[in-house]
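**Q** First the structure, which I've put down as structure tokens, then a few questions once you've had a look.
Every number here is computed from the coordinates shown, using simple stated rules; none is lab data. Quantities reported herein were computed from a predicted structural model and do not represent experimental measurements. Cβ: placed from backbone, ideal geometry, glycine included. Neighbour counts: every protein chain shown.
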Ligand SMILES: C[S@@+](CC[C@H](N)C(=O)[O-])C[C@H]1O[C@@H](n2cnc3c(N)ncnc32)[C@H](O)[C@@H]1O
């Protein structure tokens, strides 16, 4: 098709492109082409002489020309644009604006009214996110002892295993059988930055091991990484083959209570308790794992209207005191919002004088 274009010296091309974009004159459906030392920029319509002379004030070298140009393939950049002719207008605003990307797998939450369009939404996400190979929609809540969620495949490869990169470590994840949230990456990093050389760390609910891997990447430490989910421990073992670490991670498959009781009493300088809904039930285990001379516990919990922060702080301190420990919450941090009136929170607790004999 013949298009009206502006021909400009190459060195002025970028400046003019930005100006034409600002003035909404550039026709992005057609390509910008190079002709010797000149660029040809397609216009949406023939501009008036007065506009042309204003543009010439910016860049004297430009002229109007007509060129035969072919329509270029337009790559859509947002899901709403892709779906506007497929999804009814009243449902369109429900299209999700956020999703979790774990490695090359995207996980999206769909409103009930969008489920008939799940496959189109999945295909749309593959178009928008070029680094995504498979798309799943959430088919339930995170539940059960392994804290996993049912997923439903909606587009791309039928594959649930991937490698997620977080702060330079490669984490093997199976999204079908293990817990992993990219929304915790800042917290994984924060804890790893607190870790000191030579520490003995106990990661009581390690999952696929993001806290453990990152700590051992940064410092020459020993991390005892426990989980009851065999798929999670299998992923962690694979990650250990993929990463060069400064320290050592020892994956242990099992329930952290008997494992600590049998092997780890009084051993830990730092204890990570990321099982937010149930951590309180394992505080006794953390207390016997802590070095009596002093340790830090990163205690994760969920706060809500029924279970507010202050109440939980008091409960945790009272429990630790009943185990003989002198403890102090040195830092409280909101990790993320989990529902409208609910947050995941961490208490960093300094403990001393714990009993290493069993209180279980
Ligand atoms: C919320 S996930 C945390 C995973 C990990 N810390 C992270 O940041 O991704 C909790 C993990 O605790 C494990 N778990 C639950 N009860 C356990 C127990 N009694 N002993 C050891 N692991 C347990 C689950 O299998 C799950 O992988």
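**Q** Which of 147, 46 has the fewest other C-beta atoms within 10 Å, and how do the rest follow up to the most?
**A** 46, 147
**Q** Report D for region 180-352 in µm² per second (integer): Stokes-Einstein, Kirkwood Rh on Cα pairs, 25 °C, 0.890 mPa s.
**A** 153
**Q** Moving on to the next point. Just to be sure I understand: with springs between alpha-carbon atoms less than 10 Å apart, which residue in 308, 182, 31 has the highest mean-square fluctuation in the Gaussian network model of the chain?
**A** Judging by the Gaussian network model, the answer is 31.
**Q** Cut-off 10 angstrom, C-alpha nodes, Gaussian network model of the chain. Which of 110, 26, 242 fluctuates the most?
**A** Maximum among the listed residues: 26.
**Q** Give the percent of DSSP beta bridges with both residues in the chain that are antiparallel, rounded to the nearest 5.
**A** Here the antiparallel bridges make up roughly 70 percent for the chain.
**Q** Roughly how many whole Å is it from the C-alpha centroid of region 185-209 to that of region 246-272?
**A** If we compute the Cα centre of each part, the gap is 13 Å.
**Q** Hey, another quick one. Subtracting the Cα-Cα distance from 0.36 nm times the residue separation, let me have the gained length for residue 97 to residue 334 in nm, one decimal.
**A** On the way: separation 237, 0.36 × 237 = 85.32 nm, distance 2.30 nm.
Value of the extension gain: 83.0 nm.
**Q** Could I ask something else about it? For the chain, what D do you get in µm² per second when you plug the Kirkwood radius from alpha-carbon pairs into Stokes-Einstein at 20 °C and 1.002 mPa s?
**A** 88
**Q** Along Cα→Cβ, 7 Å out, is where each label goes; now give me the distance between the ones at residue 176 and residue 127 in nm to one decimal.
**A** Each label point lies 7 Å from its Cα, and together they span 2.8 nm.
**Q** Calculate the length of the line joining the C-alpha centroid of region 5-56 to that of region 291-328, in whole Å.
**A** With region 5-56 and region 291-328 each reduced to a Cα centre, they are spaced 64 Å.
**Q** So if I restrict to the alpha-carbon atoms in region 2-68, what is the Rg, and what is Dmax, the biggest pairwise distance, in Å?
**A** Considering region 2-68 through its Cα atoms, Rg and Dmax are 10.5, 28 Å.
**Q** Treating the Cα atoms of region 3-145 as identical point scatterers in vacuum, please give the log10 of the normalised Debye intensity I(q)/I(0) at q = 0.14, 0.18 Å⁻¹, two decimals.
**A** One equal scatterer on each Cα of region 3-145 leads to -0.77, -0.93.
**Q** Measure nothing but the geometry: give the 0 to 90° angle between the long axis through the Cα atoms of 13-22 and the longest principal axis through the Cα atoms of the chain, rounded to 10°.
**A** The angle comes out near 80 degrees.
**Q** Could you give me the percent of Cα pairs per 10 Å distance bin for region 203-247, shortest bin first, beginning at zero and ending with the bin that holds the maximum distance?
**A** Percent of pairs per bin, in order: 33, 57, 10.
**Q** At 222 nm, what helix-only mean residue ellipticity would the chain give, in deg cm²/dmol to the nearest 500, using -39500 (n - 2.57) for each DSSP H run of four or more?
**A** On the way: 10 runs with 93 residues, N = 360.
Counting only the DSSP helices, I get -7500 deg cm²/dmol.
**Q** Between residue 193 and residue 244, what is the FRET efficiency for a Förster distance of 25 Å, r being their Cβ-Cβ separation, to the nearest 0.05?
**A** Efficiency, rounded to the nearest 0.05: 0.85.
**Q** Report the dimensions of region 257-352 along its three principal axes from the alpha-carbon atoms, largest first, rounded to Å.
**A** Largest first, region 257-352 extends 41, 24, 18 Å along its Cα principal axes.
**Q** Does anyone have the angle between helix 230-242 and the longest principal axis of the chain? Alpha-carbon axes, 0 to 90°, nearest 10?
**A** With rounding to tens, the tilt is 60 degrees.
**Q** Counting other beta carbons within 10 Å of each Cβ, put 320, 184 in order, fewest first.
**A** Placing the least packed residue first, the sequence is 184, 320.
**Q** For the pair residue 306/residue 72, report the inter-label distance in nm, with labels modelled 7 Å from Cα in the Cβ direction.
**A** Roughly 5.6 nm, to one decimal.
**Q** Rounding to the nearest 10 and keeping the result within 0 to 90°, find how far the Cα-based axis of helix 49-58 lies from the longest principal axis of the chain.
**A** It is inclined by approximately 50 degrees.
**Q** Moving on to the next point. Could you identify which residue out of 306, 157, 315 has the top mean-square fluctuation in a GNM of the chain using Cα springs shorter than 10 Å?
**A** Ranking 306, 157, 315 by mean-square fluctuation puts 306 first.
**Q** Which order do 47, 6 fall in if you start with the one that has the fewest other Cβ atoms within 10 Å?
**A** 47, 6
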